[in-house]
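*Asks:* Once you've had a glance at the structure underneath, I'll fire off some questions.
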Amino acid sequence: MEEKKLAFIGAGNMSRSLISGLIQAGYPAHLIMATNPSISKLEKLAADFGIHISQDNGQALEWAQAVVLAVKPQMMASMLADLQAQGAKLDNTLLISIAAGINVARLQEMTGQTRIIRTMPNTPSLLGLGMTGLYARPNISQGDRDYAEHMMQAVGKTLWVDEEDGINHIIAAAGSAPAYFFLFMEAMAAHAIQSGFSEQDARLLVQQTALGAANMVVANPDTGLGELRAQVTSKGGTTAQAIAHFQEQGLEHLVANAMTAAVTRARELETQL
Ligand SMILES: NC(=O)C1=CN([C@@H]2O[C@H](COP(=O)(O)OP(=O)(O)OC[C@H]3O[C@@H](n4cnc5c(N)ncnc54)[C@H](O)[C@@H]3O)[C@@H](O)[C@H]2O)C=CC1
Ligand SMILES: O=C(O)[C@@H]1CCC=N1
């Protein structure tokens, strides 16, 4: 991929995931910078990955050819206003936002520029197993689209959406979704512990099964998810009882409602931030 000088503004969980994935994929550390108000996270990033660090967003902007906007959505407006008050110029930089709930129109207002790509990654990017949605308006060049796509492909899979609201559905299906699986695993592990397993053994049982199930899905692209489930579910057996219980309790409905709640919140943020 093209190797631009790339700055991450906001050195939190998601920046760490992306930086780690990029370094593992061979992106040169000397072409990456991260900024944060507090030094501790920065020092850890520098120690772990050998990247440049700075507490000065203006310095990062001056240095970088592409900038990942990775602060919390609620911090974005003030962070960008501070930058502009310092006299920082945003015009010549490709801006790649990973923030939930801030649309391109709002980012244009906040930055006074239009070279913006909106993305929605997720934390498994840390391991190169991310899933990222991307959206760009028609004004964005193919070169900039390719750069953002290749950057995210270095840390996982990518999917472009044609309509910006598609990003909100990516949030529900991928950005927020690792947490759904963690919640499910937490519930399973808690019950396994109640059944007498040690914490360590409960975690082993759950994590190895989740890993195996995910790999079964990946290894069998032509087999439907329902079919994979059916292969585990012997007629009159134990799985059938568990699945029947999930279905009687409305699991599908619950999942759909939870995903809708994530989309609703993303849209709500878009009107507030
Ligand atoms: N955590 C996740 O799974 C995902 C998060 N996102 C988006 O990524 C963004 C960051 O989320 P997280 O990494 O989870 O949050 P985080 O809170 O871990 O990281 C944000 C970082 O920004 C720093 N920060 C605050 N003000 C700053 C400023 N003025 N200049 C520079 N840095 C500043 C904070 O100190 C913090 O380290 C959010 O906009 C979120 O919507 C997107 C996809 C997934
Ligand atoms: O919870 C959030 O708002 C962010 C966006 C997707 C994952 N974390």
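*Asks:* Under a crude label model (7 Å from the Cα following the beta-carbon direction), how far is Val232 from Tyr180 in nanometres?
*Replies:* Placing both labels 7 Å beyond Cα along the Cβ direction yields 1.6 nm.
*Asks:* Please list, in order along segment 196-208, the HN-Hα scalar couplings obtained from phi with the Karplus expression 6.51 cos²θ - 1.76 cosθ + 1.60 (θ = phi - 60°), rounded to whole Hz, x for Gly and Pro.
*Replies:* Karplus-based 3J(HN,Hα) across segment 196-208 equals x, 6, 5, 4, 5, 5, 4, 5, 4, 4, 6, 5, 5 Hz.
*Asks:* Using θ = phi - 60° and the Karplus relation 6.51 cos²θ - 1.76 cosθ + 1.60, list the HN-Hα couplings for segment 148-159 in order, rounded to whole Hz, with x at every Gly or Pro.
*Replies:* Result, rounded to whole Hz: 4, 5, 5, 4, 6, 5, 5, 10, x, 9, 10, 8.
*Asks:* Using modelled backbone amide H atoms (1.01 Å from N, in-plane), which distant-in-sequence or interchain residues come within less than 5 Å of Ile53's amide H?
*Replies:* For Ile53, whose amide H was placed from the backbone, the distant partners under 5 Å are Ala34.
*Asks:* Let me ask something else. Pull out a ≥ b ≥ c, the square roots of the eigenvalues of the alpha-carbon gyration tensor of segment 6-163, then state rounded if a/c is under 1.5, prolate if not and a/b is larger than b/c, and oblate in the remaining case.
*Replies:* oblate
*Asks:* I've got another one for you. Positive end of the charge dipole of the chain (Lys, Arg +1 and Asp, Glu -1 on Cβ, about the Cα centre): tell me which of Asn215, Gln59, Gln84 has its Cα farthest that way.
*Replies:* Gln59
*Asks:* Cut-off is 10 Å between beta-carbons; in what order do Thr35, Thr123, Thr93 appear when sorted fewest neighbours first? All intermediate terms of the calculation are to be shown ahead of the outcome.
*Replies:* Details: Thr35 26, Thr123 17, Thr93 22.
Lowest count first: Thr123, Thr93, Thr35.
*Asks:* May I pose another question? For segment 47-52, just list the computed ³J(HN,Hα) in residue order, Karplus coefficients 6.51, -1.76 and 1.60, θ = phi - 60°, integers in Hz, with x standing in for Gly and Pro.
*Replies:* Here the 3J(HN,Hα) series is 5, 6, 10, x, 8, 6 Hz.
*Asks:* Any idea what the dipole of segment 58-199 comes to, in debye rounded to 20, about its Cα centre with Lys/Arg Cβ at +1 and Asp/Glu Cβ at -1? The partial results should precede the final answer.
*Replies:* Details: 8 positive and 13 negative charges, 21 e Å.
I would put it at about 100 debye.
*Asks:* Between Ala77 and Leu129, how many nm apart are label points set 7 Å from Cα along the C-beta direction?
*Replies:* Taking the simple label geometry, Ala77 and Leu129 are separated by 3.8 nm.
*Asks:* For labels at Gln65 and Gln108 in the simple 7 Å Cα→Cβ model, what's the distance in nm?
*Replies:* Output for this residue pair reads 2.6 nm.
*Asks:* May I ask you to derive the FRET efficiency for Thr239 and Ala47 from their Cβ-Cβ distance with R0 = 45 Å, giving the value to the nearest 0.05? Could the numbers behind the result be given before it?
*Replies:* Values: r = 46 Å, r/R0 = 1.03.
After rounding, the FRET efficiency stands at 0.45.
*Asks:* In 5 Å bins starting at zero, report the fraction of Cα pairs in the chain per bin as a rounded %.
*Replies:* Calculated over all Cα pairs of the chain, the distribution is 1, 5, 11, 15, 16, 15, 12, 9, 7, 5, 3, 1, 0, 0, 0 percent.
*Asks:* Let me ask another. Just to verify a number: FRET efficiency for Glu248 and Ser198, C-beta to C-beta distance, R0 = 22 Å, to 0.05? All intermediate terms of the calculation are to be shown ahead of the outcome.
*Replies:* Values: r = 31 Å, r/R0 = 1.43.
The formula returns an efficiency of 0.10 here.
A short reminder: the numbers here are calculations on the coordinates, not readings from a lab. As the structure is a prediction and not an experimental result, all values here were calculated from the model. Backbone-built Cβ (ideal geometry, glycine too); neighbour counts: all protein chains shown.
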